[in-house]
Amino acid sequence: MLGLNKKLSQLDEDGKKIKVGLVGAGQMGKGMVSQMSLMKGMIPALVVDNDMESAVEAYTLAGIKREDIVTARKLEDVNIAMESGKYVAAEDSEFVTKANLIDVVVDATGVPDVGAKLAMDSIFNKKHIVMLNVEADVVVGPILNKMAQNAGVVYTGTAGDEPGAVKEIYDFADAAGFDVLAVGKGKNNPVDLEATPDSVREKALKSGVKPRMLASFVDGTKTMVEMSCMANATGFIPDIRGGHAPSASVDELPKIFSLKSEGGILNKYKIVDYVNGVAPGVFVIITSKLPQVQHEMEYLSMGPGPNYVLYRPYHLTSLETPLTVARAAIYNEPTIIPMDGKPIAETIAIAKKDLKSGEKLDGIGGFTVYGSIDTYETAKKENLVPIGLINKNTVVKKDIKKGELITYDMVKLDTTTLIYKLRKLQEDIIG
């Protein structure tokens, strides 16, 4: 990342801007387009949303004149408009993966199956793919990353998302020679496992986000997905299913995230968790076995030790995503990817209410299920279903009690989705 601003400035001077194709013009997408318009060396060349007006609005909010925006219904029109230096708005997500001039694709949909298809299509068309869609990544990230490596392009999560922000601190601490003990994030609202799109609708509309998205935050699923992503990128695991989720201030984190034998809450180190409080920040707990390092850490006002917290008090979500775009396009490097081999963690599905045989489920942020983190090995041993495989065509095969873990034998999954097929391939290849 050193000198990334200079690299972008040079691209700008040379007239070789990175051309970005974005899918999803919701709150995150609109913010990204505005931020990108302020940067040198890249442009939001193509914005796709199933609502054309949202795609157009993403541009106009960034100060782009309406006469410089082309609405396209065919791939040919997209290519002609881009070659003419116009900004393009469209409704077909395939355009971003097939357009001639697009260098990097960004998925800001948050829909697991949509993200899986967008990533695979981008890879097959030799385009870098940046995933704001952690919901897809935690289900099929390993196989998509392997495909990208084989194709010579970058598959990556994003800076600004909490897993990416955590990974940046983790990489710093690991490279500096510290022992990393725990990683995690803050949460700024209490978990309500019964939250639904209806119960959060009024707040969602006031905030300008979709009710399903807000419900996934409030019922804790989004946090569990983010923690699973952190786990898969670092090798760390939840200390217990769902995490401890203590309430704490930043100064309390080093003591809380120590072993029980040391006065903390942990059964083991190398764990991922979240904290009620310290949001919107992310943190990494570190230590060192050398007394001189401990002495200097205390001198530097990092606390008495032996555990210390590295804390970042913000993450700028999609406003930072263009930095991952630049890193992929310029350095051919990801911000955060799953480790090679088997996944480390899984976000498993749990019944949000009593479910009857024959009833259809609805997936993340809906009325029927929520997610919790566990180790991949435990999930596999107990035959637990990843929440990212559940959609509106999933059918309950036998009655399920509220709070019960959902196993594969309890439901009939929609086997026609790409994410299901990729997951099966991933398990066949990786295990």
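Brief remarks on what is shown
- Selected residue (criterion: least open to solvent (accessible area, probe 1.4 Å)) from residues of segment 190-235 that are free of Cβ contacts under 8 Å to residues at least 12 places away in the same chain and among the aliphatic types (A, V, I, L, M): ALA204
- Boolean, ILE350 is of a type in the set (A, V, I, L, M), under 22 Å from the mean Cα position of the chain (by Cα), closer than 25 Å to PRO197 by Cβ and open to solvent by less than 70 Å² (accessible area, probe 1.4 Å): yes
- Enumeration of residues in segment 357-387 that are in contact (Cβ under 8 Å) with a residue 60 or more places away in the chain, part of a helix (DSSP H, G or I) and open to solvent by 10 Å² or more (accessible area, probe 1.4 Å): THR378
- Considered as a group, the residues in segment 285-330 that are part of a loop (DSSP other than H, G, I, E, B), in contact (Cβ under 8 Å) with a residue 60 or more places away in the chain and open to solvent by less than 30 Å² (accessible area, probe 1.4 Å) include one that is farthest from TYR155 (Cα to Cα), and that residue is SER288.
- Candidates in segment 120-143 are the residues that are open to solvent by 10 Å² or more (accessible area, probe 1.4 Å) and part of a loop (DSSP other than H, G, I, E, B); of these, the one that is nearest to ASP273 (Cα to Cα) is LEU132.
- Output for segment 1-48, where each listed residue is open to solvent by 70 Å² or more (accessible area, probe 1.4 Å), over 26 Å from GLY115 (Cβ atoms) and of a type in the set (A, V, I, L, M): LEU2, LEU38
- Filter pass, GLU162 being among the acidic types (Asp, Glu), within 21 Å of the chain's Cα centre (by Cα) and crowded, with 24+ Cβ neighbours inside 10 Å: yes
- Of all residues in segment 389-401, at least one satisfies being part of a helix (DSSP H, G or I) and either open to solvent by less than 70 Å² (accessible area, probe 1.4 Å) or on the phi < 0 side of the Ramachandran plot (or both).
- Failed item, numbered, when LEU75 is tested on (1) in contact (Cβ under 8 Å) with a residue 12 or more places away in the chain; (2) open to solvent by less than 40 Å² (accessible area, probe 1.4 Å); (3) within 28 Å of LYS117 (Cα to Cα): (2)
- Listed by first and then second residue, the pairs with beta-carbon distance under 8 Å, at least 6 apart or on different chains, first residue in segment 265-278 and acidic (Asp, Glu), second open to solvent by 50 Å² or more (accessible area, probe 1.4 Å) and outside any strand (DSSP E or B), are ASP273/HIS244.
- Count - residues of segment 49-72 that are under 22 Å from LEU118 (Cα atoms), in a loop (DSSP other than H, G, I, E, B) and among the charged types (D, E, K, R): 2
- The one condition from (1) without any contact (Cβ under 8 Å) to a residue 40 or more places away in the chain; (2) of a type in the set (Val, Ile, Thr); (3) open to solvent by less than 60 Å² (accessible area, probe 1.4 Å) that ILE80 does not meet is (3).
- Complete set of residues in segment 144-158 that are open to solvent by 10 Å² or more (accessible area, probe 1.4 Å), closer than 20 Å to LEU389 by Cβ and of a type in the set (A, V, I, L, M, F, W, C): MET147
- Scanning segment 98-112 for residues that are part of a helix (DSSP H, G or I) and either at pLDDT below 95 or surrounded by 24 or more Cβ atoms within 10 Å (Cβ to Cβ) (or both) yields a count of 1.
- Matching entry among LEU75, LEU118, LEU22 (being within 27 Å of LEU205 (Cα to Cα) and either modelled with pLDDT of 95 or more or not hydroxyl-bearing (Ser, Thr, Tyr) (or both)): LEU22
- Of everything in segment 49-72 that is touching a residue at least 12 places away in the same chain (Cβ under 8 Å) and out of contact with any strand residue (DSSP E or B) (no Cβ under 8 Å at 6 or more places or on another chain), the residue that is least open to solvent (accessible area, probe 1.4 Å) is SER54.
The values are calculated or read from the model by the stated rules, or taken from the named source; none is laboratory data. From a predicted model like this one, the values you see are computed outputs, not experimental measurements. Counting neighbours? That spans all protein chains shown, and the Cβs are built from the backbone with ideal geometry, glycine included. Remember, those area values only see protein heavy atoms, side chains included, never the ligands or the DNA or RNA. Shrake-Rupley method; radii C 1.70, N 1.55, O 1.52, S 1.80 Å.
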